[in-house]
Every structure is written in C-alpha cells, then in structure tokens.
Amino acid sequence: MKFLKILLLTGLLIPFELFAIERYPEWFLFPAKYPQVITGYSYGGNSAVYDAENMYCALKSCVVYGTLEIFDASDQSQWLKNSNYYYYFSPDSVEKIHGRLVSIDSFQTNILTGDYISAFMLDSAASVNSGWVNVDELTPPSWIDKIFWQDQQYSYGVGMYTSIGNENDAWKTAEEQAIFAILNNLAVGYYKLQFSMNETTYHPSMIEEISFIRLKYLLKNIQILERYPDVKNKLYYVLVRIPNRDIISPMLNRKPGGG
C-alpha cells in the first residue's frame, strides 16, 4: 500500500512517499523450506551479518536465565510486563563463524533508517532459488490461533507482536515471544500475585494477576518454521519449534512430549 507522509526537516515541509511492504521473499516467510538460510536483521545499530552470526549461534545452543513478569487481565488478554533475563551462548561459537557468512539476498524494510533483512549461507558457492510472495495472496495459517502445543518430537510456540513501528524490531520481538511461549508453558518455577483494579481507575473493578516465571533453560536446535504478516490487524506472527530432547531444565512442569 502506497501512502504519503510529510517530513519536517530544518523547518521545511518535505513530502516523500513511503512504501509498506507488499511482498516478501519466500525464504523469509517460509524458512523451514530453506534450512540452509541464516536470517539476519539490521538491528539496534548493528549490521544484519552481526545479527545473523549471533542468532545462528543462539539458535544452535543457548542458556536462557532470569525472570519474566506476565500480566494477565480479566478479559483473558496476556502480555509481558517486565523482564530480567538474558541469553548466553559461547563467544567461541561466534568466533568460529565470524566472517564465514555469505550474503545471498536482502530486502529493505525502512527507507528512512536504511534497515534491511538479509539471507546468509555458510557456503560461498551457495544460492537460494526463492521467489517473492504477495502479502495479499497469503492465507492466514491455522497456527496463528494457537500459543503452544507439543507432539512426541517437538514443542511449538507462536509469537505475536504489533507491526506498528520498526519492522525489524517487530519481527525480532515476535520470534522471542514464540520461544517464550514454549518456556512459559513448560515452566514450573513460578508464582502468582492477584490484585484489584478499583473504581477510581478508568476500568470497572476487576481482578488482575501477575505471574513471576523463573527461567533456567538450556535450549538447542531452535527452529523458526514460518512467519506471517497479518496486514489487516497490523500484527506479525512467528512459529517456532524446539525438539523436546533439546529443552533441558530442572524447571520443567512435565516431561516434553508427554501431552
């Protein structure tokens, strides 16, 4: 969708056209079809290759440690309120891959900031035969109505984040939310607090709840399976799976794959 905005710069009004993304490369929307592709985002002032190197190592093997605060409203909505956690992966693993990734494709996501998303491979002679997919031709996948489920081999998580704002940040956050959907549903180390919102607020009196979830996980072979841009509702969705055998923690509330 093409739309017009006005830029206020040094006291002058300068019109320019911005283009919302109408199509994505297939390797980005359906990464499970391209397991050899390593996706990188220009993010937080860092280049896409920097992100790709770090995410390649983190998805292969990482430790997640810390605490999440999940806010549950009486209307059954839920969101992350605060967090204090970190990912740890070996600096040696990053050093081993540094300088080895070859960029094979990229597309721009923000013409103002110059942000872009790139596809990388480890093989310098490799290429990817990926076409482009029009957003308006996509059928909403059934998995966007889920949060978490398991089968005998894998645990699946769905992450969602608003597309309003920085696109790269939105996709990265949705990926992170998908991973935490798995961890939250498997965690045993948590406790809850309830409190009331009284009539002095703008909402009617209701009971709210905050869950404090402790995280202590070793995760291996995290796989991003699919991404879906919901243009109508301005949301980005990401589907992630992790092999049950590669979710290791003393804080599991049930054996993965056990239902």
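Please treat every number below as a calculation from the coordinates, not as lab data. None of the values given here were measured: they were computed from a predicted structure. Every residue, glycine as well, gets a Cβ built from its backbone with ideal geometry; the counts of neighbours run over all protein chains shown.
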Cross-link pairs beyond the 22 Å C-alpha cut-off, checked among Lys60/Lys172; Lys60/Lys146; Lys33/Lys216 = Lys60/Lys146; Lys33/Lys216
Could you sort 240-249, 134-143, 28-37 so that the peptide with the highest average Cβ count within 10 Å comes first and the rest follow in order?
-> 240-249, 28-37, 134-143
For the residue pair Lys33 and Lys96, what label-to-label distance in nm results when each label sits 7 Å from Cα along the Cα-to-beta-carbon direction?
-> 3.1
Could you please report the charge total around Glu26, scoring K, R as +1 and D, E as -1 over all other residues with beta-carbon less than 13 angstrom from its beta-carbon?
-> 0
